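All remarks here apply to the structure that follows.
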Amino acid sequence: MGTASEQLIEQSPAGGFDVFVSHNARDRLIVERIAERLARAGLNPWLDRWAMTPGGDWQQELGAGLESSLACAVFVGAHDLGDWELQEVAFAIDRAAKERGFRVFPVLLPGVADPFDPNALPHFLRARMWVDFRSGVEDARALQDLIHAVKGIPFGPSAPLSRDDVCPYRGLEVFDVEHGELFFGRDREVQRLIEKLKTTRLLTVLGPSGSGKSSLVRAGLVPALTGGVMAEVSGWDVCILRPGAAPLTSLAVALANLGAERAIGPTLDALGADARTLHLAVQYAVRGSAGRRVLCVVDQLEEVFTLCHDDVERQQLFANLLYAAAAPGGAAVVVLTMRADFYQRCAPYPELAQLVSAHQFLASPMDSDELRQVIEEPARRVGLEFEEGLVAAILNDVGKGPAALPLLEHALLELWKRRRGTMLTLEGYVDTGGVAGALAQRADAIFDAFTDEQRALARALLLRLTQPGEGTEDTRRSAALSELTPAGHPQGFAAVLGALVDARLLTTGGASDARSVDVAHEALIRGWPRLRGWIDADRAGLRVHRRLDDAVGEWRRLDRDESVLYRGVRLDEALEWQARNPELLNDPEREFLAASAELRERERDEGERRREQEVRDARELAAAQARARRRVQWVAAALLIGVLLAGTAAVVALHESATANHQR
């Protein structure tokens, strides 16, 4: 029995190798050990020391080795890439650009910087996945990843799931933590997220709506972290929340799921009063566990701007997140996902803006190989097959727009419903309407099957779950089931809601006594022309309705305080909209507007009574003033008469005195 290299040379088929091993000569010993492990695993690597002829034309043999290999592994060590290795990489990249099946990927060796900066790689390798041997050449997981990379198999589990009735596609719904085994195509982004989290405890994942940010974090990053990819962390606890209209309440619920409330009671009041509350709750959750971390995922952070209208609560949320992520020795790691078009909304909050700017990751569009994984790999995991030419047809239909991924997922879901045994067929795909038309076709079919009354209920329901954008695209909004239920239609409404949820156009969540409903994805808002038309037909009216929703919530929270009721122009605007759309209001909104109108009438009546009283008071005052003037006039006249009489008496007295003197 010879060495592994001798066996390889004997077993290698003429003119064919599984992988070309490109490496710096100074890394030769460690690379050869990895190549020997590949050989023992049944692969045929081309390694210069094994395959080249002594005294031969080594340049020609290098080129021939690359030409005859199915993949190229570029080994990156502490000494970086050598000059000849750079030329091999250039040749391999050029071939990969011409041949879709030829794979080129980096392999990180012990001694490479940790964390690793992909920008240190040659330009055309920076965006590619890597195989990570930094922990040592005996790393079993790294070897398995290398074998998968050589064969073109996605990383992660490869054994099929035991059940063949599992739907491998999520449609418009997010891939969550429990769906990690069916989540494919994002391995390179997950690698880069992990490297970034080695240098910061707060990271923002940005991207347009439909780019897959939530699924990337929930089904990609979270399972990778909890699976032990960061050796310095002994374990992870995870809390995931969407802010919604009351972000502090959402955060308190997420913390309660950690069990932290039993020690410090991170109630709404505590979170609002002390920015250290989240940090203290996390520290309590990991007490006594050295090296343990808590991953706090705030998914769809844009909701703090679109659904939460209390800036004080918004600032309190930011304060808790920022303190927990920066506290020395803290165990909290905060990951935010946010639509890129809301990036500028962080600017008024300087500390948040600085950290988001410094620590962010932009979710990039998938290339054709990654989209192929999205299509093929979930089906393979549950034992499904594709008819010849079907995958190529789907890839040809996938657009480059921001909603491409959710539209693709929905088309795949509809394709799965039309499967024939274990075969996914071209005929079934055509019947769905394809990537571009499957969503609208499905939504129209559901809507057209409703009665007229149900259609009105469906329209009201879908409009209520839409938040019209102001300088941004329209977004979805979660609403409590109690808010959505219209007056007088409980049974009809339940049927409409059930049909839309069964079709995965809407989702429900929460406890039975506090269920919430949400649009499965904003792609429905953009991709269904009928809903788009409803929104565009009365965009200003929708904004009136959303403001009314907020006012009703505040009114009920303050125990129907009259100071919150509508007055003036706002009431006129709301009543005018109500007259045009009476079917869109629920009981609390009707009650609120009725109370506002009643208050206005009461205030009008009180105002009229005040004006009448003021008139009466004015008249009485005028009469009193007239009487007073008359009294003054009589007194003045009497005084004048008295003065005249006194004057006359004086004149008479003077005359009499003069007469007496004359007589004397």
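The values are calculated or read from the model by the stated rules, or taken from the named source; none is laboratory data. Since this is a predicted model, take the numbers as computed values, not measurements. Heads up, the Cβs are rebuilt from the backbone with ideal geometry, glycines too, and the neighbour counts pull from every protein chain shown. Calculation scope for accessible area: heavy atoms of the full protein, side chains included, ligands and nucleic acids excluded. Shrake-Rupley method; radii C 1.70, N 1.55, O 1.52, S 1.80 Å.
For the stretch 188-196, the Karplus equation 6.51 cos²θ - 1.76 cosθ + 1.60, evaluated at θ = phi - 60°, returns couplings of 5, 5, 4, 4, 6, 4, 5, 4, 5 Hz by residue, with Gly and Pro reported as x.
Packing, taken as the mean count of other beta carbons within 10 Å per residue, orders the peptides 171-180, 641-650, 305-314 from highest to lowest as 171-180, 305-314, 641-650. Note that the stretch 313-448 presents 41 Å² accessible area per residue, ligands and nucleic acids not counted, probe 1.4 Å.
With θ taken as phi - 60° and the Karplus curve 6.51 cos²θ - 1.76 cosθ + 1.60 applied, the whole-hertz 3J(HN,Hα) list for the stretch 47-53 is 10, 3, 5, 8, 9, 7, 7 Hz, x standing for glycine and proline.
Taking all protein chains as they are arranged and a probe of 1.4 Å, the heavy atoms of ASP587 leave approximately 80 Å² accessible to solvent. In the chain, taking the dipole from charged Cβ atoms about the Cα centre, the farthest positive-side position among TRP46, VAL651, LEU542 is held by VAL651. Note on surface exposure: TYR343, TYR349 rank TYR343, TYR349 by accessible area, highest first, 1.4 Å probe.
I need the shape label for the stretch 145-250. Rule: rounded when a/c is under 1.5, else prolate if a/b > b/c, else oblate, with a, b, c from the alpha carbon gyration tensor. Here the stretch 145-250 falls in the oblate category. With a 1.4 Å probe rolled over the protein heavy atoms of all chains, the accessible area of ARG477, ARG170, ARG611 falls in the order ARG611, ARG170, ARG477, largest first. A 1.4 Å probe run over the stretch 13-53, with the rest of the protein chains in place, finds 45 Å² accessible per residue.
Each residue was assigned an accessible area with a 1.4 Å probe, and for LYS151 the value is about 110 Å². Taken about its Cα centre, the chain carries a charge dipole of about 2280 debye when Lys and Arg each add +1 at the Cβ and Asp and Glu each add -1 at the Cβ.
Is the shape of the stretch 401-451 rounded, prolate or oblate, going by the alpha carbon gyration tensor and its root eigenvalues a ≥ b ≥ c, with a/c under 1.5 for rounded and a/b larger than b/c for prolate? It comes out oblate by the Cα gyration axes.
Computed over protein heavy atoms with a 1.4 angstrom probe, the accessible surface ordering of TRP577, TRP58, largest first, is TRP58, TRP577. Working note: Cα atoms of the chain, range along each principal axis, descending, whole Å: 179, 67, 48. Once the 1.4 Å probe is applied to the protein heavy atoms, the stretch 509-664 comes out at 65 Å² accessible per residue.
By the helix-only formula, in which each DSSP H run with n ≥ 4 contributes -39500 (n - 2.57) and the sum is divided by residues, the chain has a 222 nm mean residue ellipticity of -16500 deg cm²/dmol. Assuming charge only on the beta carbon of Lys and Arg (+1) and of Asp and Glu (-1), the dipole of the stretch 378-463 about its Cα centre is about 300 debye to the nearest 20. Under a 5 Å amide H cut-off, with hydrogens placed 1.01 Å from N, PHE386 pairs with LEU424 among residues at least 5 apart or on other chains.
Its convex hull of Cα atoms gives the stretch 82-221 a direction-averaged projected area, equal to a quarter of the hull surface, of 10.8 nm². Of the GluC sites (Glu not before Pro) found in the stretch 61-113, the ones in coil according to DSSP and having at most 10 other Cβ atoms within 10 Å of their Cβ are GLU99.
When the solvent-accessible area of the chain is split by element, carbon and sulfur atoms take up 53 percent of it, the probe being 1.4 Å. Shape of the stretch 200-349 from the C-alpha gyration tensor: oblate (a/c of 1.5 or more and a/b not above b/c, with a ≥ b ≥ c the square roots of its eigenvalues). Tell me which of ALA142, LEU248, VAL89 sits at the most positive position along the dipole axis of the chain, charges placed on C-beta atoms (Lys, Arg +1; Asp, Glu -1). The residue sitting farthest along the positive end of the dipole is LEU248. Listed by chain and number, the aspartates and glutamates placed with their C-alpha closer than 14 angstrom to that of LYS196 are ASP114, ASP117; residues fewer than eight positions away on the same chain are left out. Each of the peptides 232-242, 409-419 was scored by the mean count of other Cβ atoms within 10 Å over its residues; in descending order, highest first, they stand as 409-419, 232-242. The residue among TYR343, ALA618, MET366 whose Cα reaches farthest toward the positive pole of the charge dipole of the chain, with charges on the beta-carbon of Lys, Arg, Asp and Glu, is ALA618.
The 3J(HN,Hα) values that the Karplus relation (6.51, -1.76, 1.60; θ = phi - 60°) gives for the stretch 303-315 are, in residue order, 5, 5, 9, 8, 10, 8, 10, 9, 5, 5, 5, 4, 5 Hz. Gly and Pro appear as x. The aspartates and glutamates within cross-link reach of LYS417, meaning a Cα-to-Cα straight distance under 12 Å and a gap of 8 or more places when in the same chain, are ASP165, ASP431.
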